[in-house]
Amino acid sequence: MLTNNTTPFKHNRSFLLLLLSLAIFACSNATPQRQTASTALPFANDVADAAVMGKWTRSCALCHVSGNAGAPLVGDTAEWQQRLVQGEESILQRVLLGYNSMPPLGYCMSCEVQDFRAMIGFMAGTNQYRVRQ
Ligand code: HEC
């Protein structure tokens with residue numbers, strides 16, 4: 001070690017670079033990894049119960065049933081799939097903050113993040129949902 005400083009240094013440097021690239025890789029893939037840990041589909045475990053569906057009918061349905069202003073249609077799984085690839089956190093941010101003609105919170109002031117998760121899963125067809133009367 002003392003007689004040859006370059007070899008361990010080089011070794012350490014490439015090891016650090018390896019760690020760094022692993023860290024970057026891990027960060028950029030953090031959301032998909034978390035998703036695949038529990039399930040393959042985004043929002044698959046967020047169940048849209050009657051309360052959630054009531055809120056959805058009073059707010060999101062206004063645009064997501066008609067396709068108003070280019071809103072992705074409920075049940076159009078191919079269209080939703082293209083939007084889901086950005087990851088759960090990113091798509092949730094767009095719902096919370098608004099995105100183009102999509103208004104912040106989708107006009108649902110009483111909705112919690114959990115509600116939005118279930119609504120997206122419902123519209124994208126990735127979760128199980130039940131509607132009880
Ligand atoms: C006033 C009409 C309107 C209402 C109400 C509305 N949306 Fe949207 N929404 C849109 C439009 C338009 C887009 C497409 C925006 C774009 O891609 O440019 C959109 C896109 C989205 C997207 C995809 C965003 C992305 O990253 O591609 C999600 C998720 C979404 N809406 C969820 C909801 C939810 C949940 C509600 C109800 C709480 C809701 N929206 C209510 C118009 C609406």
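The values are calculated or read from the model by the stated rules, or taken from the named source; none is laboratory data. All values reported here derive from a predicted model rather than from experimental measurement. Quick reminder, even Gly has a Cβ in these numbers, built from the backbone with ideal geometry, and neighbours come from all protein chains shown.
Of all the criteria given as (1) over 14 Å from Phe43 (Cβ atoms); (2) among the β-branched types (Val, Ile, Thr); (3) surrounded by fewer than 13 Cβ atoms within 10 Å (Cβ to Cβ), the one not satisfied by Val65 is (3).
Going by the conditions given, is Gly121 surrounded by 14 or more Cβ atoms within 10 Å (Cβ to Cβ), of a type in the set (Gly, Ala, Ser) and in contact with an Asp or Glu (Cβ under 6 Å, 6 or more places away or on another chain)? So Gly121 fits the description; yes. Those residues that are within 15 Å of the chain's Cα centre (by Cα), more than 8 Å from the ligand (Cβ to nearest atom) and among the small types (Gly, Ala, Ser), I need them from the stretch 71-96; list them, please. Answer for the stretch 71-96, where residues must be within 15 Å of the chain's Cα centre (by Cα), more than 8 Å from the ligand (Cβ to nearest atom) and among the small types (Gly, Ala, Ser): just Gly87.
Taking every residue in the stretch 50-76 that is among the aromatic types (Phe, Trp, Tyr) and pairing it with any residue that is at pLDDT below 95 and more than 9 Å from the ligand (Cβ to nearest atom), at least 6 positions away or on another chain, the pairs with Cβ-Cβ distances below 9 Å are Trp56/Ala48.
Pairs are defined by a Cβ separation below 6 Å, a sequence spacing of at least 6 or placement on different chains, a first member in the stretch 103-115 that is free of Cβ contacts under 8 Å to residues at least 24 places away in the same chain and assigned by TED's automatic domain parsing to the domain that holds Ile91, and a second member that is part of a loop (DSSP other than H, G, I, E, B) and surrounded by fewer than 16 Cβ atoms within 10 Å (Cβ to Cβ); the pairs so defined are Pro104/Gly98.
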